[in-house]
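A short worksheet on the structure shown next.
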Amino acid sequence: MEDSSIFSQAGIIITVFLIAVPVLIATVIAVMRGRGVLQDHQDEKELKKFRKRLRKMSPEEIEKLKERKKELEYQLENDELSGKSAPKDSKGLIDNVASAEELKFIETKKKAIPRPNIEPKLTRLILWFLATAIFWLVLGTTIGEYLGIKFVAPDVDQVSWLSFGRLRPVHTNMVFWGWASLAMIGLAYYVVQRVSNVRVHSLKIGFYSLILINASVIIGSICLMAGINNGGGEYREYIWPVMALFGVGVFISLLNFWKTIANRKKKEIYVSNWYIVAAMMYVLVIAFVAYWPTWQTGLGETIVQGYYMHQGVGMWFMLLTLGLMYYFLPQQLNKPIYSYSLGILAFWTQILFYTLIGTHHFIFSAIPWWLQTVAIVGSMGMVIPVIAGTTNFLMTFKGSWHKLSSSYTLPFYLIGIIFYFTGSLQGTAEAFRFTNLIWHFTDFTVAHSHLTMYGIITFMLWGFIYTLVPRLTGKEPPQIIVGAHFWLALIGLMFYTVPLMYGSTLRGIMWMDLKPFIESVEMMAPYWLWRAIGGSLMWLSHLLFAYNFYVMVKKRIRKKVPKSPVEILKAKEQLDKNINY
(Lines give C-alpha, C1' and ligand atoms only; values in the text may rest on other atoms or scores of the structure.)
Protein backbone atom coordinates (compact mmCIF):
# COMPACT_ATOMS: atom_id res chain seq x y z
CA MET A 1 0.00 0.00 0.00
CA GLU A 2 1.54 3.31 -1.07
CA ASP A 3 1.97 6.23 1.32
CA SER A 4 0.56 8.57 -1.31
CA SER A 5 -2.86 6.95 -0.88
CA ILE A 6 -3.16 7.99 2.76
CA PHE A 7 -5.01 11.25 2.15
CA SER A 8 -7.41 9.60 -0.27
CA GLN A 9 -8.91 7.55 2.56
CA ALA A 10 -12.25 8.71 3.98
CA GLY A 11 -11.17 8.31 7.61
CA ILE A 12 -8.05 10.47 7.12
CA ILE A 13 -10.00 13.20 5.27
CA ILE A 14 -12.65 13.26 8.01
CA THR A 15 -9.97 13.54 10.70
CA VAL A 16 -8.16 16.44 9.00
CA PHE A 17 -11.48 18.26 8.66
CA LEU A 18 -12.39 17.63 12.30
CA ILE A 19 -9.04 18.99 13.49
CA ALA A 20 -9.48 22.15 11.39
CA VAL A 21 -12.94 22.95 12.77
CA PRO A 22 -12.02 23.54 16.46
CA VAL A 23 -8.87 25.44 15.44
CA LEU A 24 -10.95 27.81 13.32
CA ILE A 25 -13.57 28.22 16.04
CA ALA A 26 -10.87 28.85 18.67
CA THR A 27 -9.41 31.61 16.48
CA VAL A 28 -12.80 33.30 16.19
CA ILE A 29 -13.36 33.06 19.96
CA ALA A 30 -9.86 34.43 20.63
CA VAL A 31 -10.65 37.52 18.53
CA MET A 32 -13.95 37.99 20.37
CA ARG A 33 -12.33 37.63 23.78
CA GLY A 34 -9.56 40.01 22.74
CA ARG A 35 -12.17 42.62 21.95
CA GLY A 36 -13.62 41.96 25.40
CA VAL A 37 -10.25 42.59 27.07
CA LEU A 38 -9.88 45.88 25.19
CA GLN A 39 -13.39 46.85 26.26
CA ASP A 40 -12.54 46.07 29.91
CA HIS A 41 -9.47 48.28 29.61
CA GLN A 42 -11.60 51.08 28.19
CA ASP A 43 -14.13 50.65 31.02
CA GLU A 44 -11.34 50.96 33.59
CA LYS A 45 -10.23 54.23 32.01
CA GLU A 46 -13.82 55.49 32.12
CA LEU A 47 -14.04 54.53 35.80
CA LYS A 48 -10.91 56.55 36.59
CA LYS A 49 -12.32 59.57 34.75
CA PHE A 50 -15.58 59.19 36.65
CA ARG A 51 -13.78 59.21 40.00
CA LYS A 52 -11.89 62.38 39.08
CA ARG A 53 -15.12 64.05 37.95
CA LEU A 54 -16.85 62.90 41.14
CA ARG A 55 -14.25 64.62 43.35
CA LYS A 56 -14.57 67.89 41.43
CA MET A 57 -18.38 67.93 41.38
CA SER A 58 -19.80 71.38 42.22
CA PRO A 59 -22.74 72.03 44.59
CA GLU A 60 -24.86 73.11 41.58
CA GLU A 61 -24.29 69.77 39.88
CA ILE A 62 -25.19 67.90 43.05
CA GLU A 63 -28.38 69.94 43.36
CA LYS A 64 -29.34 69.11 39.78
CA LEU A 65 -28.78 65.40 40.47
CA LYS A 66 -30.99 65.58 43.55
CA GLU A 67 -33.68 67.31 41.52
CA ARG A 68 -33.42 64.68 38.79
CA LYS A 69 -33.54 61.92 41.40
CA LYS A 70 -36.78 63.37 42.75
CA GLU A 71 -38.21 63.50 39.22
CA LEU A 72 -37.31 59.87 38.58
CA GLU A 73 -38.92 58.78 41.83
CA TYR A 74 -42.25 60.31 40.82
CA GLN A 75 -44.93 57.70 40.03
CA LEU A 76 -48.36 58.01 38.48
CA GLU A 77 -51.32 57.09 40.65
CA ASN A 78 -53.18 55.55 37.68
CA ASP A 79 -56.27 57.70 38.19
CA GLU A 80 -55.13 60.85 36.38
CA LEU A 81 -57.72 60.44 33.58
CA SER A 82 -60.57 58.77 35.46
CA GLY A 83 -60.34 60.74 38.68
CA LYS A 84 -61.20 59.31 42.07
CA SER A 85 -65.00 59.14 41.54
CA ALA A 86 -66.63 55.74 41.04
CA PRO A 87 -67.74 55.00 37.42
CA LYS A 88 -71.42 55.82 36.81
CA ASP A 89 -73.70 55.73 33.74
CA SER A 90 -76.62 58.06 34.56
CA LYS A 91 -78.00 57.83 30.96
CA GLY A 92 -78.09 54.03 30.81
CA LEU A 93 -75.96 53.86 27.64
CA ILE A 94 -73.20 51.48 28.76
CA ASP A 95 -73.67 48.00 30.20
CA ASN A 96 -71.41 46.85 33.03
CA VAL A 97 -69.77 50.25 33.29
CA ALA A 98 -68.19 49.37 36.63
CA SER A 99 -66.51 46.15 35.44
CA ALA A 100 -63.72 45.39 33.00
CA GLU A 101 -64.05 42.26 30.84
CA GLU A 102 -61.05 40.45 29.35
CA LEU A 103 -60.61 40.58 25.60
CA LYS A 104 -61.96 37.26 24.32
CA PHE A 105 -59.76 37.07 21.23
CA ILE A 106 -56.58 36.84 23.36
CA GLU A 107 -55.87 33.38 24.82
CA THR A 108 -55.45 33.31 28.57
CA LYS A 109 -51.89 32.29 29.38
CA LYS A 110 -50.70 30.21 32.31
CA LYS A 111 -49.05 32.28 34.97
CA ALA A 112 -45.37 31.58 35.52
CA ILE A 113 -44.61 29.59 38.64
CA PRO A 114 -42.25 31.59 40.89
CA ARG A 115 -38.88 29.90 41.23
CA PRO A 116 -38.60 28.62 44.80
CA ASN A 117 -35.54 29.32 46.87
CA ILE A 118 -33.04 26.47 46.80
CA GLU A 119 -32.98 24.52 50.05
CA PRO A 120 -29.79 25.18 52.03
CA LYS A 121 -29.33 21.42 52.54
CA LEU A 122 -29.61 20.79 48.79
CA THR A 123 -27.09 23.57 48.14
CA ARG A 124 -24.72 21.98 50.64
CA LEU A 125 -25.14 18.54 49.02
CA ILE A 126 -24.44 19.86 45.52
CA LEU A 127 -21.44 21.87 46.66
CA TRP A 128 -19.99 18.83 48.45
CA PHE A 129 -20.37 16.75 45.28
CA LEU A 130 -18.66 19.47 43.25
CA ALA A 131 -15.94 20.15 45.83
CA THR A 132 -14.92 16.49 46.07
CA ALA A 133 -15.10 16.19 42.28
CA ILE A 134 -12.73 19.14 41.87
CA PHE A 135 -10.38 17.63 44.46
CA TRP A 136 -10.17 14.43 42.39
CA LEU A 137 -9.73 16.48 39.21
CA VAL A 138 -6.72 18.31 40.63
CA LEU A 139 -5.19 15.21 42.23
CA GLY A 140 -5.93 12.94 39.27
CA THR A 141 -4.51 15.33 36.71
CA THR A 142 -1.49 16.02 38.94
CA ILE A 143 -0.80 12.31 38.62
CA GLY A 144 -1.45 12.59 34.87
CA GLU A 145 1.02 15.48 34.69
CA TYR A 146 3.61 13.32 36.43
CA LEU A 147 2.96 10.51 33.94
CA GLY A 148 3.41 12.95 31.05
CA ILE A 149 6.78 13.96 32.47
CA LYS A 150 7.75 10.29 32.65
CA PHE A 151 7.51 10.07 28.87
CA VAL A 152 10.35 12.59 28.70
CA ALA A 153 12.23 11.45 31.84
CA PRO A 154 11.27 7.79 32.42
CA ASP A 155 13.83 7.28 35.22
CA VAL A 156 12.57 10.14 37.38
CA ASP A 157 11.78 7.67 40.22
CA GLN A 158 12.39 4.05 41.19
CA VAL A 159 9.41 3.51 43.54
CA SER A 160 7.06 0.67 42.60
CA TRP A 161 3.97 2.52 43.86
CA LEU A 162 4.82 5.37 41.45
CA SER A 163 5.59 3.22 38.41
CA PHE A 164 3.87 4.12 35.16
CA GLY A 165 1.91 0.85 35.05
CA ARG A 166 0.34 1.53 38.45
CA LEU A 167 -0.14 5.30 38.25
CA ARG A 168 -1.73 5.36 34.81
CA PRO A 169 -4.93 3.51 35.94
CA VAL A 170 -4.94 5.63 39.11
CA HIS A 171 -5.06 8.73 36.88
CA THR A 172 -7.77 7.45 34.53
CA ASN A 173 -10.03 5.97 37.20
CA MET A 174 -9.66 9.00 39.45
CA VAL A 175 -10.81 11.43 36.76
CA PHE A 176 -13.51 9.03 35.53
CA TRP A 177 -15.15 7.95 38.77
CA GLY A 178 -13.92 10.78 41.00
CA TRP A 179 -14.05 13.97 38.93
CA ALA A 180 -16.54 13.43 36.12
CA SER A 181 -18.96 11.05 37.87
CA LEU A 182 -19.25 13.07 41.08
CA ALA A 183 -19.62 16.35 39.17
CA MET A 184 -22.35 14.90 36.93
CA ILE A 185 -24.34 13.43 39.82
CA GLY A 186 -24.01 16.63 41.85
CA LEU A 187 -25.31 18.73 38.95
CA ALA A 188 -28.06 16.16 38.33
CA TYR A 189 -29.32 16.68 41.89
CA TYR A 190 -30.07 20.26 40.86
CA VAL A 191 -31.50 19.57 37.40
CA VAL A 192 -33.77 16.61 38.26
CA GLN A 193 -35.67 18.42 40.99
CA ARG A 194 -35.77 21.69 39.04
CA VAL A 195 -37.35 20.30 35.87
CA SER A 196 -39.65 18.09 37.96
CA ASN A 197 -40.69 21.15 40.01
CA VAL A 198 -40.52 19.18 43.28
CA ARG A 199 -38.05 18.71 46.09
CA VAL A 200 -35.48 15.93 46.00
CA HIS A 201 -37.01 12.80 47.49
CA SER A 202 -34.25 12.33 50.09
CA LEU A 203 -31.20 14.51 50.64
CA LYS A 204 -29.89 11.96 53.15
CA ILE A 205 -29.63 9.37 50.36
CA GLY A 206 -27.67 11.94 48.34
CA PHE A 207 -25.07 12.22 51.11
CA TYR A 208 -24.85 8.43 51.38
CA SER A 209 -24.19 8.29 47.64
CA LEU A 210 -21.51 10.97 47.97
CA ILE A 211 -19.72 9.00 50.71
CA LEU A 212 -19.87 5.67 48.88
CA ILE A 213 -18.50 6.99 45.58
CA ASN A 214 -15.68 8.89 47.28
CA ALA A 215 -14.85 5.80 49.34
CA SER A 216 -14.62 3.71 46.16
CA VAL A 217 -12.16 6.18 44.59
CA ILE A 218 -10.00 6.36 47.74
CA ILE A 219 -9.84 2.59 48.29
CA GLY A 220 -9.49 1.87 44.58
CA SER A 221 -6.57 4.28 44.18
CA ILE A 222 -4.72 2.79 47.15
CA CYS A 223 -5.28 -0.72 45.81
CA LEU A 224 -4.00 0.19 42.34
CA MET A 225 -0.85 1.81 43.72
CA ALA A 226 -0.27 -1.29 45.85
CA GLY A 227 -0.57 -3.52 42.78
CA ILE A 228 -4.02 -4.91 43.65
CA ASN A 229 -6.11 -4.66 40.47
CA ASN A 230 -8.56 -6.41 38.19
CA GLY A 231 -5.79 -7.21 35.71
CA GLY A 232 -5.69 -6.00 32.14
CA GLY A 233 -9.13 -4.45 31.76
CA GLU A 234 -8.69 -0.81 30.80
CA TYR A 235 -10.81 1.56 32.93
CA ARG A 236 -11.98 -1.41 35.03
CA GLU A 237 -8.78 -1.90 37.00
CA TYR A 238 -10.67 -1.52 40.30
CA ILE A 239 -11.33 -4.90 41.92
CA TRP A 240 -15.00 -5.85 42.13
CA PRO A 241 -15.60 -4.94 45.84
CA VAL A 242 -14.36 -1.42 45.13
CA MET A 243 -16.52 -1.07 42.03
CA ALA A 244 -19.46 -2.43 44.01
CA LEU A 245 -19.21 0.58 46.34
CA PHE A 246 -19.41 2.87 43.32
CA GLY A 247 -22.35 0.88 41.92
CA VAL A 248 -24.30 1.09 45.18
CA GLY A 249 -23.65 4.84 45.34
CA VAL A 250 -25.01 5.32 41.83
CA PHE A 251 -27.93 2.94 42.45
CA ILE A 252 -29.27 4.75 45.51
CA SER A 253 -29.02 8.11 43.69
CA LEU A 254 -30.88 6.53 40.75
CA LEU A 255 -33.68 5.48 43.12
CA ASN A 256 -33.64 8.97 44.62
CA PHE A 257 -34.04 10.56 41.17
CA TRP A 258 -36.66 8.00 40.17
CA LYS A 259 -38.85 8.84 43.18
CA THR A 260 -38.29 12.57 42.68
CA ILE A 261 -39.46 12.35 39.06
CA ALA A 262 -42.42 10.16 40.12
CA ASN A 263 -43.55 13.00 42.41
CA ARG A 264 -43.37 15.60 39.61
CA LYS A 265 -46.09 18.24 39.30
CA LYS A 266 -46.82 17.71 35.60
CA LYS A 267 -47.33 14.71 33.34
CA GLU A 268 -44.46 15.36 30.93
CA ILE A 269 -40.90 14.28 31.73
CA TYR A 270 -38.43 16.80 30.33
CA VAL A 271 -35.73 15.34 28.07
CA SER A 272 -32.96 16.11 30.60
CA ASN A 273 -34.43 13.55 32.99
CA TRP A 274 -34.62 10.98 30.16
CA TYR A 275 -30.89 11.28 29.62
CA ILE A 276 -29.95 11.37 33.32
CA VAL A 277 -32.00 8.36 34.40
CA ALA A 278 -31.01 6.33 31.31
CA ALA A 279 -27.30 7.06 31.94
CA MET A 280 -27.51 5.91 35.55
CA MET A 281 -29.33 2.74 34.54
CA TYR A 282 -26.76 2.01 31.84
CA VAL A 283 -23.70 2.46 34.06
CA LEU A 284 -25.07 -0.17 36.44
CA VAL A 285 -25.68 -2.58 33.55
CA ILE A 286 -22.21 -1.84 32.13
CA ALA A 287 -20.51 -2.49 35.49
CA PHE A 288 -22.44 -5.71 35.99
CA VAL A 289 -21.46 -7.02 32.55
CA ALA A 290 -17.82 -5.98 33.05
CA TYR A 291 -17.41 -7.79 36.38
CA TRP A 292 -19.60 -10.89 35.93
CA PRO A 293 -17.12 -13.72 36.71
CA THR A 294 -18.06 -16.17 33.93
CA TRP A 295 -17.32 -13.54 31.25
CA GLN A 296 -13.74 -12.83 32.31
CA THR A 297 -11.85 -15.40 30.23
CA GLY A 298 -10.97 -16.00 26.62
CA LEU A 299 -12.28 -14.13 23.63
CA GLY A 300 -15.52 -13.27 25.45
CA GLU A 301 -13.52 -11.20 27.92
CA THR A 302 -12.12 -9.15 25.03
CA ILE A 303 -15.61 -8.49 23.68
CA VAL A 304 -16.81 -7.54 27.18
CA GLN A 305 -13.84 -5.19 27.54
CA GLY A 306 -14.71 -3.39 24.28
CA TYR A 307 -18.35 -3.13 25.36
CA TYR A 308 -17.51 -1.81 28.83
CA MET A 309 -14.84 0.64 27.73
CA HIS A 310 -16.95 2.31 25.07
CA GLN A 311 -20.30 2.18 26.85
CA GLY A 312 -18.71 3.78 29.90
CA VAL A 313 -17.84 6.83 27.83
CA GLY A 314 -20.90 6.99 25.60
CA MET A 315 -23.72 5.71 27.78
CA TRP A 316 -22.58 7.08 31.13
CA PHE A 317 -20.46 10.21 30.75
CA MET A 318 -21.80 11.40 27.39
CA LEU A 319 -25.46 10.55 27.97
CA LEU A 320 -25.68 12.21 31.38
CA THR A 321 -23.70 15.28 30.34
CA LEU A 322 -25.95 15.79 27.31
CA GLY A 323 -28.94 15.61 29.65
CA LEU A 324 -27.42 18.41 31.72
CA MET A 325 -26.80 20.42 28.53
CA TYR A 326 -30.49 20.20 27.60
CA TYR A 327 -31.27 22.05 30.82
CA PHE A 328 -28.40 24.50 31.25
CA LEU A 329 -28.04 25.73 27.65
CA PRO A 330 -31.67 26.96 27.25
CA GLN A 331 -31.53 28.38 30.75
CA GLN A 332 -28.34 30.33 30.00
CA LEU A 333 -29.68 31.65 26.68
CA ASN A 334 -33.11 32.37 28.22
CA LYS A 335 -34.91 30.53 25.41
CA PRO A 336 -36.31 27.03 24.87
CA ILE A 337 -34.33 24.25 23.26
CA TYR A 338 -34.56 24.53 19.46
CA SER A 339 -36.26 21.15 18.93
CA TYR A 340 -37.52 18.73 21.55
CA SER A 341 -38.02 16.16 18.79
CA LEU A 342 -34.35 16.33 17.77
CA GLY A 343 -33.45 15.70 21.41
CA ILE A 344 -35.60 12.56 21.48
CA LEU A 345 -34.19 11.43 18.11
CA ALA A 346 -30.62 11.85 19.42
CA PHE A 347 -31.55 9.98 22.62
CA TRP A 348 -32.96 6.86 20.98
CA THR A 349 -30.44 6.67 18.13
CA GLN A 350 -27.56 6.96 20.61
CA ILE A 351 -29.02 4.04 22.55
CA LEU A 352 -29.48 2.08 19.30
CA PHE A 353 -26.06 2.65 17.72
CA TYR A 354 -23.68 3.32 20.59
CA THR A 355 -24.37 -0.04 22.22
CA LEU A 356 -23.08 -1.78 19.06
CA ILE A 357 -19.70 -0.13 18.59
CA GLY A 358 -17.47 -1.49 21.39
CA THR A 359 -15.68 -4.07 19.24
CA HIS A 360 -14.44 -1.47 16.74
CA HIS A 361 -11.40 -1.33 19.03
CA PHE A 362 -10.56 -4.87 17.95
CA ILE A 363 -10.61 -4.69 14.16
CA PHE A 364 -8.41 -7.41 12.56
CA SER A 365 -8.50 -9.39 15.83
CA ALA A 366 -9.76 -12.93 16.50
CA ILE A 367 -13.27 -11.57 17.11
CA PRO A 368 -15.69 -12.77 14.38
CA TRP A 369 -15.50 -10.63 11.24
CA TRP A 370 -19.26 -10.04 11.21
CA LEU A 371 -19.11 -8.62 14.76
CA GLN A 372 -16.35 -6.23 13.70
CA THR A 373 -18.49 -5.15 10.74
CA VAL A 374 -21.49 -4.55 13.03
CA ALA A 375 -19.30 -2.26 15.16
CA ILE A 376 -18.18 -0.29 12.08
CA VAL A 377 -21.79 0.10 10.90
CA GLY A 378 -22.84 1.17 14.40
CA SER A 379 -20.01 3.73 14.42
CA MET A 380 -21.29 5.14 11.13
CA GLY A 381 -24.82 5.20 12.57
CA MET A 382 -23.56 7.43 15.38
CA VAL A 383 -23.48 10.23 12.83
CA ILE A 384 -27.26 10.53 13.32
CA PRO A 385 -27.40 11.35 17.07
CA VAL A 386 -24.24 13.47 16.87
CA ILE A 387 -25.56 15.65 14.04
CA ALA A 388 -29.03 15.79 15.64
CA GLY A 389 -27.62 16.89 19.00
CA THR A 390 -25.11 19.35 17.55
CA THR A 391 -27.77 20.90 15.31
CA ASN A 392 -30.14 21.20 18.25
CA PHE A 393 -27.57 22.98 20.42
CA LEU A 394 -26.24 25.31 17.71
CA MET A 395 -29.75 26.24 16.53
CA THR A 396 -30.61 27.06 20.14
CA PHE A 397 -27.71 29.52 19.97
CA LYS A 398 -29.30 31.10 16.86
CA GLY A 399 -30.13 34.73 17.54
CA SER A 400 -28.05 34.70 20.73
CA TRP A 401 -24.50 34.54 19.39
CA HIS A 402 -23.88 38.07 20.63
CA LYS A 403 -24.13 36.77 24.21
CA LEU A 404 -20.86 34.86 23.78
CA SER A 405 -18.75 37.99 23.99
CA SER A 406 -20.25 39.06 27.31
CA SER A 407 -20.48 35.63 28.97
CA TYR A 408 -17.78 33.68 30.75
CA THR A 409 -19.83 30.46 30.76
CA LEU A 410 -21.09 30.16 27.19
CA PRO A 411 -17.61 29.68 25.61
CA PHE A 412 -17.27 26.48 27.66
CA TYR A 413 -20.65 25.34 26.31
CA LEU A 414 -19.69 26.15 22.73
CA ILE A 415 -16.31 24.39 22.88
CA GLY A 416 -17.99 21.34 24.40
CA ILE A 417 -20.54 21.30 21.58
CA ILE A 418 -17.85 21.69 18.91
CA PHE A 419 -15.81 18.83 20.34
CA TYR A 420 -18.99 16.79 20.69
CA PHE A 421 -19.28 17.03 16.90
CA THR A 422 -15.60 16.70 15.98
CA GLY A 423 -14.56 14.19 18.66
CA SER A 424 -17.55 11.91 18.10
CA LEU A 425 -17.14 11.88 14.33
CA GLN A 426 -13.42 11.27 14.79
CA GLY A 427 -14.44 8.06 16.56
CA THR A 428 -16.46 7.17 13.47
CA ALA A 429 -13.42 7.88 11.29
CA GLU A 430 -11.22 5.66 13.48
CA ALA A 431 -13.61 2.73 13.07
CA PHE A 432 -12.89 2.27 9.36
CA ARG A 433 -10.61 -0.69 8.71
CA PHE A 434 -7.90 1.33 6.95
CA THR A 435 -7.63 4.04 9.61
CA ASN A 436 -7.78 1.40 12.34
CA LEU A 437 -4.85 -0.33 10.65
CA ILE A 438 -2.80 2.89 10.97
CA TRP A 439 -3.85 4.21 14.36
CA HIS A 440 -4.56 1.14 16.51
CA PHE A 441 -1.97 0.57 19.29
CA THR A 442 -0.63 4.14 18.80
CA ASP A 443 -1.08 7.30 20.88
CA PHE A 444 -3.81 8.41 18.49
CA THR A 445 -6.28 6.63 20.79
CA VAL A 446 -4.90 8.62 23.76
CA ALA A 447 -5.43 11.86 21.83
CA HIS A 448 -8.97 10.83 20.86
CA SER A 449 -9.91 9.92 24.43
CA HIS A 450 -8.76 13.35 25.62
CA LEU A 451 -10.67 15.12 22.83
CA THR A 452 -13.84 13.41 24.05
CA MET A 453 -13.52 13.05 27.82
CA TYR A 454 -11.78 16.42 28.17
CA GLY A 455 -12.97 18.45 25.19
CA ILE A 456 -16.60 17.37 25.54
CA ILE A 457 -17.34 16.14 29.06
CA THR A 458 -14.97 18.31 31.08
CA PHE A 459 -15.56 21.55 29.17
CA MET A 460 -19.33 21.08 29.47
CA LEU A 461 -19.09 20.31 33.19
CA TRP A 462 -16.98 23.43 33.73
CA GLY A 463 -19.60 25.54 31.97
CA PHE A 464 -22.39 24.02 34.07
CA ILE A 465 -20.47 24.55 37.33
CA TYR A 466 -19.71 28.19 36.48
CA THR A 467 -23.42 28.60 35.74
CA LEU A 468 -24.82 26.92 38.83
CA VAL A 469 -22.51 27.69 41.73
CA PRO A 470 -23.00 31.50 41.61
CA ARG A 471 -26.75 30.83 41.74
CA LEU A 472 -26.28 28.71 44.83
CA THR A 473 -23.87 31.02 46.66
CA GLY A 474 -24.53 34.44 45.12
CA LYS A 475 -20.81 34.90 44.46
CA GLU A 476 -19.14 35.24 41.05
CA PRO A 477 -15.66 33.99 40.15
CA PRO A 478 -12.97 36.45 38.95
CA GLN A 479 -13.72 36.68 35.24
CA ILE A 480 -10.08 37.19 34.22
CA ILE A 481 -9.12 33.94 35.96
CA VAL A 482 -12.07 32.16 34.33
CA GLY A 483 -10.70 33.38 31.00
CA ALA A 484 -7.21 32.16 31.87
CA HIS A 485 -8.68 28.80 32.87
CA PHE A 486 -10.54 28.55 29.55
CA TRP A 487 -7.59 29.41 27.32
CA LEU A 488 -4.99 27.35 29.21
CA ALA A 489 -7.29 24.32 29.03
CA LEU A 490 -8.13 24.81 25.33
CA ILE A 491 -4.59 25.59 24.16
CA GLY A 492 -3.21 22.81 26.34
CA LEU A 493 -5.67 20.35 24.83
CA MET A 494 -4.60 21.36 21.32
CA PHE A 495 -0.89 21.08 22.22
CA TYR A 496 -1.62 17.66 23.72
CA THR A 497 -3.77 16.10 21.01
CA VAL A 498 -2.71 17.50 17.64
CA PRO A 499 1.00 16.49 17.90
CA LEU A 500 0.00 13.06 19.22
CA MET A 501 -2.40 12.52 16.30
CA TYR A 502 0.19 13.61 13.77
CA GLY A 503 3.05 11.63 15.32
CA SER A 504 0.86 8.55 15.76
CA THR A 505 -0.12 8.65 12.09
CA LEU A 506 3.55 8.66 11.12
CA ARG A 507 4.21 5.86 13.59
CA GLY A 508 1.42 3.72 12.17
CA ILE A 509 2.78 4.19 8.65
CA MET A 510 6.25 3.15 9.87
CA TRP A 511 4.77 -0.05 11.28
CA MET A 512 2.95 -0.75 8.02
CA ASP A 513 6.28 -0.26 6.21
CA LEU A 514 7.85 -2.82 8.61
CA LYS A 515 10.32 -0.31 10.06
CA PRO A 516 12.07 -1.36 13.31
CA PHE A 517 9.90 -0.72 16.34
CA ILE A 518 12.59 1.23 18.17
CA GLU A 519 12.72 3.75 15.31
CA SER A 520 9.05 4.57 15.88
CA VAL A 521 9.76 5.06 19.59
CA GLU A 522 12.59 7.49 18.86
CA MET A 523 10.43 9.28 16.29
CA MET A 524 7.68 9.87 18.91
CA ALA A 525 9.98 11.58 21.44
CA PRO A 526 9.29 15.20 20.33
CA TYR A 527 5.56 14.52 20.15
CA TRP A 528 5.62 13.17 23.70
CA LEU A 529 7.34 16.40 24.71
CA TRP A 530 4.42 18.35 23.25
CA ARG A 531 2.12 16.00 25.16
CA ALA A 532 3.89 16.96 28.39
CA ILE A 533 3.71 20.69 27.55
CA GLY A 534 0.01 20.50 26.69
CA GLY A 535 -0.71 18.44 29.79
CA SER A 536 1.10 21.02 31.92
CA LEU A 537 -1.09 23.84 30.57
CA MET A 538 -4.21 21.75 31.19
CA TRP A 539 -3.06 21.00 34.73
CA LEU A 540 -2.44 24.70 35.43
CA SER A 541 -5.95 25.46 34.23
CA HIS A 542 -7.31 23.00 36.80
CA LEU A 543 -5.55 24.85 39.59
CA LEU A 544 -7.19 28.07 38.41
CA PHE A 545 -10.57 26.32 38.23
CA ALA A 546 -10.15 25.05 41.80
CA TYR A 547 -9.31 28.60 42.92
CA ASN A 548 -12.38 29.96 41.11
CA PHE A 549 -14.57 27.40 42.87
CA TYR A 550 -13.06 28.46 46.20
CA VAL A 551 -13.85 32.10 45.42
CA MET A 552 -17.43 31.22 44.47
CA VAL A 553 -18.04 29.62 47.84
CA LYS A 554 -16.27 32.36 49.80
CA LYS A 555 -17.29 35.96 50.42
CA ARG A 556 -16.47 38.44 47.67
CA ILE A 557 -17.52 42.07 47.10
CA ARG A 558 -18.00 43.19 43.51
CA LYS A 559 -17.32 46.81 42.48
CA LYS A 560 -19.15 48.63 39.73
CA VAL A 561 -19.27 52.13 38.27
CA PRO A 562 -22.27 54.14 39.53
CA LYS A 563 -24.67 55.04 36.72
CA SER A 564 -27.94 56.43 38.10
CA PRO A 565 -28.34 59.75 40.00
CA VAL A 566 -29.12 57.78 43.16
CA GLU A 567 -25.91 55.77 42.89
CA ILE A 568 -23.81 58.83 42.04
CA LEU A 569 -25.18 60.79 45.01
CA LYS A 570 -24.54 57.85 47.30
CA ALA A 571 -20.96 57.57 46.00
CA LYS A 572 -20.46 61.32 46.56
CA GLU A 573 -21.81 61.03 50.09
CA GLN A 574 -19.45 58.15 50.84
CA LEU A 575 -16.53 60.08 49.37
CA ASP A 576 -17.32 63.09 51.55
CA LYS A 577 -17.32 60.84 54.62
CA ASN A 578 -13.89 59.48 53.64
CA ILE A 579 -15.27 55.99 53.05
CA ASN A 580 -13.04 53.90 50.79
CA TYR A 581 -14.68 53.72 47.36
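The values are calculated or read from the model by the stated rules, or taken from the named source; none is laboratory data. If you're wondering where the values come from, they're calculated on a predicted model, not measured in any experiment. With ideal geometry, Cβ positions are generated from the backbone for all residues, glycine too; neighbour counts draw on all protein chains shown. Accessible surface is based on the protein model in full, side chains and every heavy atom, while ligands, DNA and RNA are left aside. Shrake-Rupley method; radii C 1.70, N 1.55, O 1.52, S 1.80 Å.
Shown is the FRET efficiency for Lys121 and Gln331, computed with R0 = 25 Å from the Cβ-Cβ distance and rounded to the nearest 0.05: 0.65.
Once both labels are modelled 7 Å past Cα along the beta-carbon direction, what's the Lys88-Lys45 spacing in nm? With each label placed 7 Å out from Cα toward Cβ, I get 6.8 nm. Restricting the stretch 375-457 to trypsin sites (Lys or Arg not before Pro) that sit in a DSSP loop and have at most 14 other Cβ atoms within 10 Å of their own Cβ leaves Lys398.
Taking the helices alone, the chain has a mean residue ellipticity at 222 nm of -23500 deg cm²/dmol, built from -39,500 (n - 2.57) per DSSP H run of at least 4 residues and averaged over all its residues. Here the Kirkwood formula puts the hydrodynamic radius of the stretch 120-554 at 22.2 Å, using every distinct Cα pair. Excluding ligands, DNA and RNA, the accessible surface per residue across the chain is 51 Å² with a 1.4 Å probe. Considering the dipole of the chain built from charges on the beta carbon (Lys and Arg +1, Asp and Glu -1) around the Cα centre, which of Met280, Leu167, Asn197 is farthest to its positive end? My answer, from the dipole projection, is Asn197. The modelled label-to-label distance for the pair Tyr547/Val138, using points 7 Å beyond Cα in the direction of Cβ, is 1.1 nm. Ranking Leu81, Thr442, Val553 by Cα position along the charge dipole of the chain, where only Lys, Arg, Asp and Glu carry charges on their C-beta atoms, puts Leu81 farthest toward the positive end. Applying 0.36 nm per residue to the separation of Ile211 and Leu437 and subtracting their alpha-carbon distance, the gain on full extension is 77.0 nm.
With +1 on each Lys and Arg Cβ and -1 on each Asp and Glu Cβ, and nothing else charged, work out how big the dipole of the chain is about its Cα centre, in Debye to the nearest 20.
Magnitude of the dipole: close to 2580 debye.
Remark: the Val374-Lys66 segment gains 103.2 nm on full extension, using 0.36 nm per residue and subtracting the alpha carbon distance. For the residue pairs Lys121/Lys475; Lys121/Lys259; Lys266/Lys403; Lys48/Lys403; Lys267/Lys403; Lys69/Lys554, the alpha carbons lie more than 29 Å apart in Lys266/Lys403; Lys267/Lys403; Lys69/Lys554. Two tests apply to each whole DSSP H helix in the chain, Cα reach of 24 Å or more along its axis and mean Kyte-Doolittle hydropathy of at least 0.5, and the ones passing both are 120-152, 203-225, 240-262, 271-291, 410-431, 479-512, 517-552. Between the stretch 169-195 and the stretch 381-456, the alpha-carbon centres lie 20 Å apart.
For the stretch 120-554, with all protein chains in place and a probe radius of 1.4 Å, 71% of the accessible heavy-atom surface sits on carbon or sulfur.
Between Ile269, Ile222, Met380, the Cα set farthest toward the positive side of the dipole of the stretch 120-554 (charges on each charged residue's Cβ, about the Cα centre) is that of Ile269.
Straightening the chain between Lys570 and Ser58 buys 182.8 nm, computed as 0.36 nm per residue apart minus the Cα-Cα spacing.
Modelled this way, with points 7 Å down the Cα-to-C-beta line, the labels at Ser202 and Leu24 are 5.3 nm from one another.
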